[in-house]
Amino acid sequence: MWIFAQIPTESWRAHADYSSAKGLEIIENKVYCFTTNGLFFYNKSNNQYTTLTKLDGLSDSEISQIRYDNSSKTLLIAYQNGNLDFATLKDGIIEKIQNVDLIKVASSIQNSKRINQIEFRNQMVYLAADFGLVEFDIQKFEIKNTLQTPNVQAVTFARDSIFINTSNGILGTRFASNNNIQFIGNWKQIIDNQLFKTPSFPTIPLVVSPIEIATDAENKIWIADEVNGLVSNFDGNFKTFNPNGIKGFIEELYYQDSKIYAIGERVNVFENNVWHLAANAPNLTKNITDSNGYLWQIVSRGVRVTDPKTNRNRTFSTGRGAGNLPNSTVNTIALDRDGLIWIGTNDGVAVVAASENIFSTTSEAYTPIYQRRRLLLQENIRTIAVDGGNRKWIGTTNGLFVFNASADELIEQFTTDNSPIPSNGIIDLAINNHGEVFVLTDKGLVSYQSDSSEPNEDFSNIRVFPNPVRPEFNGVLTILGLMENSTIKITDSAGRIMHEAKSNGGSATWDLQYQGRAVQTG
């Protein structure tokens, strides 16, 4: 049965872990909560969740702290790399985001730029960071002062002074315009157990590893817990308030039985556009069985192919006569639709023809050539996936590359600069039957609806979306359920051909342009 695509072609969606809450902020009737790799808010008025990612205008991933300033209606979102997003809110909803990357790009800060706490005061914002304390002017969007001292975890104001909690204890100085807070000599050691008190949390089963607690206008308790996410007694008894998402750290992706499996601390399963946990995973493997029934496996210093019937085997490694791989460290293997084995190493890509007589011949791996060079020479290839159109999706430590079937043409290159992927460090890939490509990075999971899908055996299950095409739609029209190498022709009511294309596997697309102009509805 065909699983119909739920996101538009050439669009992205994030799959964050919303159970690993790190902090929260109550803004009017909304409760904002950030997690290890996600941000969302819960609307208390309508019980709806809204997730926020780079797709919604955030400039980065891996949030380290958020704080709201009611006077300026500004939510400051700080990231582990020092990046800052100043979000202007209206009725508790983000209306505009202004990014300030002054700390992120500062070459004078050599160590961690993580922001640990945020405090607003008198049109200024004070940032407690791993490298020190920053006084930032939120009207001019510029840094006013910086105190460089290691590991500032928190900042607060009391009486006429400012205090910071550091690895060397609590430091304080007079908070006045004529006092230079950049000079460490103006700060003195303070002994005060009341300044940075650890909050108390309710003793209930859902509160396992609490980070932050707040009380709303209705005197309801909200807790950010690292294990159970956003916890509250808003509805009476304590329960979790989390959007659907993955749970736990993910290490590998698999596609099997029309489901995406994200395996790590737990077994996460994506089915019918919803994530859920499974007690156990089915028999999942990265090994490959080719059309001859031969088994291909990654082994120490190469790839081994075995005939299970006769136990004959052969290993492909580096060097002429030994397999001719570009590097002996192999990270991934994939079987394409032409029966070729694609091998990703620490130094580029190699290909082996999986022939029936592979044990009796001296055939070796060859390297595809792209722009007169070995394909992805000196790139650390982490994962390779093949889509329904036989295109090669290659994940590296420098982003995601999409090549045509023979890998001599680069179709797309996705990085943090031109896409919502949270990191260029690609770990794994999995593609489902309607062409949604799941991309696991070292900072989280996203997916991309490609313009390719698995081809059908006949034309009995063709779908077109969106259908109908509304006048305001400016995306891509997609036809699913085609046979391989199908040619489609789209005409107007007079029979004039408006678009002609060949399918990518089982999909064909049209940007709704004709002779350089958008076509009229109908």
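Note: the chain, Cα convex hull, 209 Å³ per residue. Treating the Cα atoms of region 70-189 as identical point scatterers in vacuum, please give the log10 of the normalised Debye intensity I(q)/I(0) at q = 0.11, 0.13, 0.15, 0.19 Å⁻¹, two decimals. Log-scaled intensity ratios, in q order: -0.36, -0.50, -0.66, -1.03. Two numbers describe the Cα atoms of region 112-263: Rg and Dmax, which are 20.4, 69 Å.
Note on region 166-236: Cα-only Rg and Dmax are 18.1, 51 Å. Taken about its Cα centre, the chain carries a charge dipole of roughly 760 debye when the Cβ of each Lys and Arg holds +1 and the Cβ of each Asp and Glu holds -1. When chymotrypsin sites (Phe, Trp or Tyr not before Pro) are flagged only if DSSP places them in a loop and at most 13 other Cβ atoms lie within 10 Å, the longest unflagged stretch of the chain comes out as 250-458.
With the charge dipole of region 261-330 set up from +1 on Lys and Arg Cβ and -1 on Asp and Glu Cβ about the Cα centre, the Cα lying farthest toward the positive end among the listed residues Val303, His276, Gly319 is that of Gly319. Charged neighbours of Tyr261, selected by a Cβ distance under 15 Å, balance to -3 (K, R count +1; D, E count -1). The distance separating the Cα centre of region 144-217 from that of region 256-314 comes to 50 Å. Dipole of the chain computed with +1 at Lys/Arg Cβ and -1 at Asp/Glu Cβ about the Cα centre; of Ser328, Ala508, Asn244, farthest Cα towards the positive end is Ser328.
Compared with the rule-of-thumb size 2.2 N^0.38 Å for a compact globular protein, region 267-365 has a Cα radius of gyration ratio of 1.25. If you take all other residues with their beta carbon under 15 Å from the beta carbon of Gln297, and give Lys and Arg +1 and Asp and Glu -1, the sum is +3.
Between the amide H of Glu412 and those of Val402, distances stay under 5 Å, these residues lying 5 or more places away or on another chain, with hydrogens modeled in the peptide plane. The ellipsoid equivalent to the alpha-carbon distribution of region 149-205 has semi-axes of 26, 13, 9 angstrom, derived from the gyration tensor eigenvalues as √(5λ) and listed largest first.
The alpha-carbon atoms of region 175-321 define a convex hull whose volume equals 323 cubic angstrom per residue. Using a simple spin-label model with pseudo-atoms 7 Å out from Cα toward Cβ, Thr397 and Glu252 lie 2.2 nm apart.
Semi-axis lengths, largest first, of the ellipsoid equivalent to region 400-469 are 26, 15, 12 Å, with √(5λ) applied to each eigenvalue of the Cα gyration tensor. Debye-formula intensities of region 385-510, expressed as log10 I(q)/I(0) at q = 0.15, 0.21 Å⁻¹, are -0.76, -1.20 (one equal scatterer per alpha-carbon, no solvent).
Expressed in units of 2.2 N^0.38 Å, where N is the residue count, the Cα radius of gyration of region 213-284 is 1.42. Which one, Gly23, Ile411, Ile191, projects farthest toward the positive side of the charge dipole computed for the chain from Cβ point charges (K/R +1, D/E -1)? So the residue we want is Ile191.
Other residues whose C-beta falls under 11 angstrom from the C-beta of Lys90 contribute a net charge of -1, scoring Lys and Arg +1 and Asp and Glu -1. Annotation note: GluC sites (Glu not before Pro) in region 229-318 located in DSSP loop regions with a Cβ neighbour count of at most 13 within 10 Å are Glu265. Please compute the Kirkwood hydrodynamic radius over region 7-137, one decimal place, Å, based on all pairs of different Cα atoms. About 15.3 Å for region 7-137. The stretch between Phe201 and Ser71, if pulled fully straight at 0.36 nm per residue, gains 43.9 nm over its current Cα-Cα span.
Each Lys and Arg adds +1 at its Cβ and each Asp and Glu adds -1 at its Cβ; summed about the Cα centre, region 442-522 shows a dipole of about 320 debye. Close amide H contacts of Gly506 (hydrogens built in the peptide plane, cut-off under 5 Å, sequence separation of 5 or more or a different chain): Ser453, Glu454.
The value for region 44-114 of Rg(Cα) / (2.2 N^0.38 Å) is 1.21. Annotation note: GluC sites (Glu not before Pro) in region 317-382 located in DSSP loop regions with a Cβ neighbour count of at most 14 within 10 Å are Glu356.
Quarter the surface of the alpha carbon convex hull of region 311-430 and you get the mean projected area, 7.9 square nanometres. The phi-based Karplus calculation (6.51 cos²θ - 1.76 cosθ + 1.60; θ = phi - 60°) puts the 3J(HN,Hα) values of region 380-393 at 7, 7, 9, 7, 9, 10, 10, 8, x, x, 6, 7, 9, 9 Hz, whole numbers, x for Gly and Pro.
Taking trypsin sites (Lys or Arg not before Pro) in DSSP loop states with no more than 11 other Cβ atoms inside 10 Å as exposed sites, the chain has its longest site-free stretch at 1-139.
Every read-out reported here was derived from the displayed coordinates using simple, explicitly stated rules and does not represent laboratory data. All values derive from a computational prediction rather than experimental measurement. Cβ atoms come from the backbone with ideal geometry, glycine included; neighbour counts cover every protein chain shown.
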